[in-house]
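A short worksheet on the structure shown next.
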Amino acid sequence: MAENILLIILMIPLYGSIIWSYFCPEESLLFGKRWMYKEEPEFSNAVIRYTKFTSMIGMIGLPIIVIGFIFDILILKFTFVVFISVVVIGALIIFTDDKDS
């Protein structure tokens, strides 16, 4: 029981950084790397879309996986397979989009 509570407490900052990365993708991409650039770099729409997609996957998938393994709910373990397929389909859509070419 104590390890589950500790896990949830340690997941709060991770989840907060994922939310921040979704709402401010440019800032999160430059976090810790701003010193390398003299001017403000411009990111392509594909990079911003990819960052938002990975953040959204983290916001949806992280609670499902953590709750499924903490409470040992069998149906939530099957959602892991659906989650992986959504990630693959979403990545294919992002990488094959020709808007930015």
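The values are calculated or read from the model by the stated rules, or taken from the named source; none is laboratory data. Computed from a predicted model, the values in this text were never measured in an experiment. FYI the Cβ positions are ideal-geometry reconstructions off the backbone, even for glycines, and counts take in every protein chain you see. Accessible surface areas use protein heavy atoms only, side chains included; no ligands, DNA or RNA. Shrake-Rupley method; radii C 1.70, N 1.55, O 1.52, S 1.80 Å.
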*asked:* Could you check segment 1-23 and list, in sequence order, the residues that are within 14 Å of the chain's Cα centre (by Cα) and either under 21 Å from ASP72 (Cβ atoms) or of a type in the set (D, E, K, R) (or both)?
replied: MET11
*Only listed residue being acidic (Asp, Glu), at pLDDT 85 or above and either over 26 Å from ILE9 (Cβ atoms) or in contact with a Pro (Cβ under 7 Å, 6 or more places away or on another chain) (or both), chosen from GLU40, GLU26*: GLU26
*Check segment 50-69 and report whether any residue there is outside any helix (DSSP H, G or I), at pLDDT below 85, open to solvent by 40 Å² or more (accessible area, probe 1.4 Å) and of a type in the set (Val, Ile, Thr).*
no
_Close pairs from segment 2-19: first among the hydrophobic types (A, V, I, L, M, F, W, C), partner modelled with pLDDT of 90 or more and open to solvent by 90 Å² or more (accessible area, probe 1.4 Å), Cβ under 9 Å, at least 6 apart_ = none
